[in-house]
Amino acid sequence: MSLTSVTDAYDAVIVGSGPNGLSAAIRLALEGLHVKVFEASDTIGGGMRTKELIQAGFHHDVCSAIHPMAISSPFLKKLPLDQYGLRWIHPDYAAAHPLDDEPAAILSHDLHETAFKLEKDEKRYKSIVTPLVENWDELTKDFLGPLGLPKNPLKMASFGFKGLQPASLYRKRFKTERAQALFAGLAAHSMLPLSSFATSAIGLVFFGTAHTGGWPLPEGGSQSIAGAMASYLKNLGGEIETDMKIERLDQLPESKAVLFDLTPFQVMDIVGDAFPASYVRKLKKFRYGPGAFKIDYILKEPVPWRDPECKKAGTVHLGGTFDEVAESEKQMAGGGHPDKPFVLVAQQSIFDKSRTPDNRHTLWAYCHVPNASTVNMTAAIERQIERFAPGFRDVIEKRRIMNTLDFQLYNSNYVGGDINGGSQDVRQLFSRPVSFTSPYATPANGIYFCSSSTPPGGGVHGMCGYHAATHALKQEFGIAGSDLKFTI
Ligand SMILES: Cc1cc2nc3c(=O)[nH]c(=O)nc-3n(C[C@H](O)[C@H](O)[C@H](O)COP(=O)(O)OP(=O)(O)OC[C@H]3O[C@@H](n4cnc5c(N)ncnc54)[C@H](O)[C@@H]3O)c2cc1C
């Protein structure tokens, strides 16, 4: 299916219509370039698709669900996506982290409310998080970009000093179990053992997002972000063709630049010997990270959380104490399948009635598993939900599971089920896929990476696409500096 008519030549073509592919295309089109996106699947969006996975009328986010990164993205927030149908819904709380013997830790949009609910850690929370929030707009431009000279060196240095620490060390800044557990749940989004360098940065960034843009979900599902981006792109003159899997360069029309919203292994296959052997050797060293095991549910009623405050949160992190979450991620990183996994839950239908046809509910839950794992984690995930919501099993009507291989089949970017386009450990965070200095460009003329396999990595923020397109504008089209019509 072709969404728009085909012409013969383009300034640039983009392979893949994930958040980064669409961002790259929009970035180029904003400078007046003629662009076209090719998408293998029959629908656009990559990790932003919403589908009736189980039964007609029930809309499940297949991959991404909650969007602190999208709403904080210096690029996406400058686009008029609201005029193209994107409506953000803000749950009462960004996240809840229930515990066995005490009230859940609550991450609210309001910094003071969050701090207040952390009781004995109130002052410590404020002193850690307030400077981040006060400098948020400047900091996001630095940590959502490639490694380079920071735009705000002093502020970035202060953040970097804290962020580089392993979460297992930085947790000591908090004294209570509740604050430490909340921090563990955020740091565990890194999909790394919490003793790894830079896991604090992930935790701190997620604190910052909660108190700035929040942790919203799009009305109708994540597909609405893709839909709004595609409509805006078309309005700028861009074209999109779906059902078009690119397997060789000669399938692409003539253009000055090709930007791949794909990961290194796929691009190597497509490009063949257009890459010099020395570059291929480096790309082959690219490391993929852990995968996801996910369950989508139709529920007869909302999850019966023991602490009713959890029902007000869009996201619920299940794993118990800091030590338990750390143990689960450590086992997973070592190739194991923990009995008590860290589980990320999103309960979109409580806040967005358009997700279901009646008063039943959807639920989205996944845990981290080793790359390419085929172990069925259903029982372990449901034990964790039941632990904090006794009676959960009784409200399940239907479920559908996806293991790492299902994810890779669904979207070939999820190599071995890796949802971040490559491991995000400190060695690979800024040098993805190979180089610190120019991560987006390749040695082949006009060929660029623009996926989450480039900095700043996984998540729906479009910043990989934005930076890749900015590089291509300069290198291929001589558009830079004061010649740019659009800047962030
Ligand atoms: C279970 C799960 C939960 C997640 N939760 C969140 C969340 O809540 N919030 C968040 O911010 N992020 C989340 N993510 C991560 C997020 O979805 C990804 O990091 C993001 O989508 C990566 O964007 P991308 O543009 O780099 O690639 P993708 O989104 O993967 O897009 C790549 C596109 O390229 C297409 N493609 C692949 N090969 C070809 C080819 N040969 N020819 C043409 N097209 C091709 C694919 O079909 C796909 O559409 C989640 C991911 C998963 C799987």
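The values are calculated or read from the model by the stated rules, or taken from the named source; none is laboratory data. None of the values given here were measured: they were computed from a predicted structure. Virtual Cβ from ideal backbone geometry, glycine too; neighbours counted across all protein chains shown. Surface areas here come from the heavy atoms of the whole protein model, side chains and all, with no ligands, DNA or RNA. Shrake-Rupley method; radii C 1.70, N 1.55, O 1.52, S 1.80 Å.
Go through 280-289, 24-33, 113-122 and give me the packing order, highest mean Cβ count within 10 Å leading.
24-33, 113-122, 280-289
Once fully extended, how much extra length lies between VAL280 and ALA372, figured as 0.36 nm per residue of separation less the alpha-carbon to alpha-carbon distance?
30.8 nm
For the chain, with every protein chain kept in place, what is the accessible area per residue (1.4 Å probe, Å²)?
Value for the chain: 38 Å² per residue.
How would you order 395-403, 40-48, 269-277 from highest to lowest mean count of nearby Cβ atoms within 10 Å?
The peptides rank, most packed first, as 40-48, 395-403, 269-277.
May I ask you to compute the full-extension gain from LYS234 to GLU254, defined as 0.36 nm times their residue separation minus their alpha-carbon distance, rounded to one decimal in nm?
5.2 nm
Within the accessible area of the range 359-431, what % is carbon and sulfur when the probe is 1.4 Å and the other protein chains stay in place?
After summing per-atom areas, the C and S share lands at 51 percent.
Per-residue counts of other Cβ atoms within 10 Å, averaged by peptide: what ranking do you get for 357-364, 477-484, 69-76, highest first?
Ranked from most to least packed, the peptides come out as 69-76, 357-364, 477-484.
For the chain, what is the percent of antiparallel DSSP beta bridges, rounded to the nearest 5?
65 percent
Pop out the carbon and sulfur fraction of the accessible area of the range 191-249 as a percent, whole number, probe 1.4 Å.
51 percent
For the range 1-133, what % of the accessible area comes from carbon and sulfur atoms, probe 1.4 Å?
Carbon and sulfur atoms account for 52 percent of the accessible area of the range 1-133.
Could you point to the residue in SER255, ALA346, VAL303 farthest towards the positive end of the range 253-411's charge dipole, with +1 and -1 charges on the Cβ of Lys/Arg and Asp/Glu respectively?
Farthest towards the positive end: SER255.
Starting from the 7 Å offset along Cα-to-Cβ, what nm value, one decimal, do you get for the label separation of GLU247 and GLU397?
So the label points at GLU247 and GLU397 sit 4.1 nm apart.
Just list whichever of LYS126/LYS155; LYS294/LYS398; LYS141/LYS162; LYS117/LYS175; LYS51/LYS284; LYS123/LYS340 have alpha carbons separated by over 23 Å in the model shown.
Pairs exceeding 23 Å: LYS51/LYS284; LYS123/LYS340.
Per DSSP helix of 4 or more residues, -39500 (n - 2.57); summed, then divided by the residues of the chain. What does that give at 222 nm, rounded to the nearest 500?
The per-residue figure over the chain is -9500 deg cm²/dmol.
Could you work out the relative contact order of the chain, using alpha carbon pairs under 8 angstrom and six or more residues apart, expressed as a whole percent? Could the numbers behind the result be given before it?
Values: 1151 pairs, mean separation 122.4, N = 488.
Computed value for the chain: 25 percent relative contact order.
Can you work out ³J(HN,Hα) from phi for every residue in the range 161-178, in order, using Karplus 6.51 cos²θ - 1.76 cosθ + 1.60 and θ = phi - 60°, giving whole Hz and x for Gly and Pro?
Computed from phi, the couplings for the range 161-178 are 4, 6, x, 5, 5, x, 4, 5, 8, 5, 3, 5, 5, 9, 9, 9, 4, 5 Hz.
Give me the net charge of ARG248's neighbourhood, meaning all other residues with Cβ under 13 Å from the Cβ of ARG248; Lys, Arg count +1, Asp, Glu -1.
Local net charge: -3.
For a quick check: with amide H placed at 1.01 Å from N, whose amide H comes under 5 Å from ARG87's, ignoring anything fewer than 5 positions away on the same chain?
Those qualifying (amide H under 5 Å, at least 5 residues apart or on another chain) are GLU219.
Evaluate the distance, in nm, between pseudo-label points positioned 7 Å from the Cα of LYS353 and of SER195 along their respective Cα→Cβ axes.
Modelled inter-label distance: 5.1 nm.
Which whole-number percentage describes the relative contact order of the range 337-429, with Cα contacts under 8 Å and a sequence gap of 6 or more?
Rounded, it is 24 percent for the range 337-429.
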